[in-house]
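Reviewing the structure listed below.
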Amino acid sequence: MITKAATQEKLAFGSPLVYPQFAILDPTTTYSLPPRQIANGAVDAFVHIMEQYLTYPVDAKVQDRFAEGLLMTLIEEGPRSLKEPTNYAVRANVMWAATMALNGLIGVGVPQDWATHMIGHELTAMHGLDHAQTLAIVLPAVMQHQREKKRAKLLQYGRRVWNLNHTDEDALIDAAIAATRGFFEQMGTPTTLSGYGVGRESIPKLVDMLVKHELLALGEHGVITPEASREILELAA
Ligand code: ZN
């Protein structure tokens with residue numbers, strides 16, 4: 001990620017040439033982090049998994065089960081990592097889940113979304129919000145806006161990750177979105193624009209920046225147009 005403060009832009013690039021050759025993961029190095037950065041780490045990892053999981057079914061059972069296990073680990077250990085900041089096992093579980101969330105494994109052979117990240121980057125560039133804070137705002141709104149296209153995976157997510165068993169499918173999806181929002185808020189991360197003092201008047205400017213950056217067809221189907229991004233931001237207000 002590169003941020004250019006002078007023009008309030010934050011843009012992504014990726015290449016195998018910049019992929020790390022190895023990583024040293026020592027949970028004790030996280031003990032001194034402030035609670036906000038612990039929350040940011042857990043929320044960002046959660047959304048990385050969702051970007052690779054909450055799309056549409058392709059019969060990728062291993063990837064799905066891996067993703068669900070990582071999500072459940074973060075739901076269990078995220079709040080504990082705030083309450084028990086020097087619990088080695090808790091920090092180790094969060095660190096390993098965060099690594100597995102974005103080292104490529106769960107994304108192999110499955111469709112990927114990343115709309116939440118692309119919209120969130122504009123929020124960081126324009127308003128200086130932490131990366132994970134922007135994701136906590138945008139993801140629940142993307143889930144709501146894309147609930148028909150993501151319907152099958154939303155039901156699977158609600159049943160397997162949150163153990164929801166509503167007979168009414170729409171009620172189950174509503175509960176799954178509410179549970180997701182509840183997890184972010186439990187981590188101390190508000191899930192609306194207003195929770196960070198960002199008003200609706202910013203939405204047209206944020207959409208203009210998506211257009212400027214040619215982010216015109218986001219999501220796993222490429223159907224999140226600038227107009228759809230505007231609707232998502234309105235849902236997140
Ligand atoms: Zn991220």
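Residue pairs whose Cβ atoms lie under 6 Å apart, separated by 6 or more positions or on different chains, with the first residue in segment 95-124 and among the polar types (S, T, N, Q) and the second more than 12 Å from the ligand (Cβ to nearest atom), are Thr116/Val142. In segment 19-60, of all residues being of a type in the set (Phe, Trp, Tyr) and assigned to a loop (DSSP other than H, G, I, E, B), the one that is nearest to the ligand (Cβ to nearest atom) corresponds to Tyr19.
Quick one: in segment 210-234, which of the residues that are touching a residue at least 40 places away in the same chain (Cβ under 8 Å), hydrophobic (A, V, I, L, M, F, W, C) and outside any helix (DSSP H, G or I) is surrounded by the fewest Cβ atoms within 10 Å (Cβ to Cβ)? Restricting to residues being touching a residue at least 40 places away in the same chain (Cβ under 8 Å), hydrophobic (A, V, I, L, M, F, W, C) and outside any helix (DSSP H, G or I), the top hit is Val223. Of all the listed residues (Gly78, Gly69), the sole one being within 21 Å of the chain's Cα centre (by Cα) and within 16 Å of the ligand (Cβ to nearest atom) is Gly78.
Tallying residues that are assigned to a helix (DSSP H, G or I), within 12 Å of the ligand (Cβ to nearest atom) and surrounded by fewer than 24 Cβ atoms within 10 Å (Cβ to Cβ) within segment 99-119 yields 2.
Quick note: the coordinates plus some simple rules give every number you see, no bench work behind them. All figures in this text were calculated on a predicted structure; none of them were measured in a lab. Neighbour counts are summed over all protein chains in view; Cβ atoms, including those assigned to glycine, are modelled from backbone coordinates with ideal geometry.
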